[in-house]
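Below is one structure, written out as structure tokens; comments come after it.
The values are calculated or read from the model by the stated rules, or taken from the named source; none is laboratory data. Just so it is clear, the structure is predicted and the values come from calculations on it, not from any experiment. Cβ: placed from backbone, ideal geometry, glycine included. Neighbour counts: every protein chain shown.
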Amino acid sequence: MSILTFLARRFIAGEKIEDALKVIRKLNQNGITTTLDILGENVKSEQEAAQKADNYIQALEMIDKEKLNSHASIKLTQMGLDVSDGFCYDNVSRIFEKAASLNNFVRVDMEGSDYTGRTLDLVYRWHEAFPKMGTVIQAMLFRSLEDIKELNRRKIRVRLCKGAYREPKQIAFQDRRDINTNFLTLTKLLLREGVYPAIGTHDEKLIEATREFAQKEGIGKDKYEFQMLYGIRRGLQLRLTQEGYNVRVYVPYGTHWLPYYLRRLREKRENLLFFISNFFRD
Ligand code: FDA
């Protein structure tokens, strides 16, 4: 195992589906549900994108066979969005068909803002054919309030997160405080009018504010869930579960881990320092 692979293992279940299933099994035993992600993005060929969809179909079958409690999360640029919207639609529809036949749920992750509009247009089409699906909205984007209103109107499930991509100041909040304020505004809208929203953050202040708001409004713990990433704030994941909240952990696996890993490094300065100090150690 290279030093890089060793370091990435903090955030990634492993390179093989068996590694991910092992992690899912353990989380499930602790009362935590999961969503499985096969790492990869910006795939340029139809052949590779079709192969990735096949991998998801196999993974859904394995989850079902073992009766594990796990959804799946997909990225559209892994599914051929850079090839064409039409190809991507058909390719991902195969995953939704399989999930529907197994009564499972699949969520479309949100990538950089160049893809937001196209992703949502496809999500609206898919949701009409495959209701057991949802998507992700990023609190850092100015457009997100209107997008959530539309998703709520269509009764599409939303995972709210801060946003992991660098975005220009013309379209996105840059200051953390502004992102957090918008996160809370959008959380309230989702809790009041959305369908079983997922609050995707490790930020304890936002988690606390979510809990307080839900309690004040009489919104039960079964009406929403918290979501966190594999390897981040494990103690908090367990604590919330023990307090009776629904917690779902995003479990990525695969060999194309570098972009995902770099996004996680960027989120916290100490991660970067840890990476640099280990990378240059003999
Ligand atoms: P913030 O970054 O402020 O972190 C709050 C605290 O959490 C930190 O102080 C630290 O304790 C801990 N923490 C957070 N990140 C850490 C890290 N990398 N290493 C160590 N500790 C860390 N984004 C996106 O653009 N599209 C998507 O589809 C998704 N999907 C998604 C799913 C799920 C389940 C989650 C939780 C997140 C995403 N994201 C995402 C990522 C999201 O946009 C965001 O970048 C990260 O969650 C980090 O933001 P926080 O809300 O955790 O707050």
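Matching residues to (1) modelled with pLDDT of 95 or more; (2) buried (at least 22 other Cβ atoms within 10 Å of the Cβ); (3) touching a Gly at 6+ places or on another chain (Cβ under 8 Å); (4) of a type in the set (Gly, Ala, Ser):
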| site | (1), (2), (3), (4) |
| --- | --- |
| Met1 | no, no, no, no |
| Arg10 | no, no, yes, no |
| Asn28 | yes, no, no, no |
| Gly31 | yes, no, no, yes |
| Ser45 | yes, no, no, yes |
| Gln58 | yes, no, no, no |
| Asp64 | yes, no, no, no |
| Asn69 | yes, no, no, no |
| Gln78 | yes, yes, yes, no |
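Residues that are more than 20 Å from Asp37 (Cβ to Cβ), within 14 Å of the ligand (Cβ to nearest atom) and surrounded by 17 or more Cβ atoms within 10 Å (Cβ to Cβ) within region 204-234 comprise Leu206, Ile207, Ala209, Thr210, Tyr224, listed in sequence order. Among the residues that make up region 223-235, is at least one of them modelled with pLDDT of 95 or more, in contact with a helix residue (DSSP H, G or I) (Cβ under 7 Å, 6 or more places away or on another chain) and more than 24 Å from Phe105 (Cβ to Cβ)? Among the residues of region 223-235, not one is modelled with pLDDT of 95 or more, in contact with a helix residue (DSSP H, G or I) (Cβ under 7 Å, 6 or more places away or on another chain) and more than 24 Å from Phe105 (Cβ to Cβ), which makes the answer no. Out of everything in region 235-271 that is within 13 Å of the ligand (Cβ to nearest atom) and among the basic types (Lys, Arg), what residue ends up being farthest from Leu27 (Cα to Cα)? Of everything passing the filter in region 235-271, Arg269 is farthest from Leu27 (Cα to Cα).
For Leu145, the conditions (1) without any contact (Cβ under 8 Å) to a residue 60 or more places away in the chain; (2) more than 20 Å from Ala53 (Cβ to Cβ); (3) within 12 Å of the ligand (Cβ to nearest atom) all hold with the exception of (3).
Across region 192-201, the qualifying residues are those that are of a type outside the set (Gly, Ala, Ser) and buried (at least 18 other Cβ atoms within 10 Å of the Cβ), and the one among them that is farthest from Lys216 (Cα to Cα) is Thr201.
Among the criteria (1) near the ligand (Cβ under 9 Å from one of its atoms); (2) surrounded by fewer than 17 Cβ atoms within 10 Å (Cβ to Cβ); (3) not aliphatic (A, V, I, L, M), the one Gly163 does not fulfil is (2). With the condition kept exactly as written, say whether any residue in region 43-66 is on the phi > 0 side of the Ramachandran plot and part of a loop (DSSP other than H, G, I, E, B). No: zero hits.
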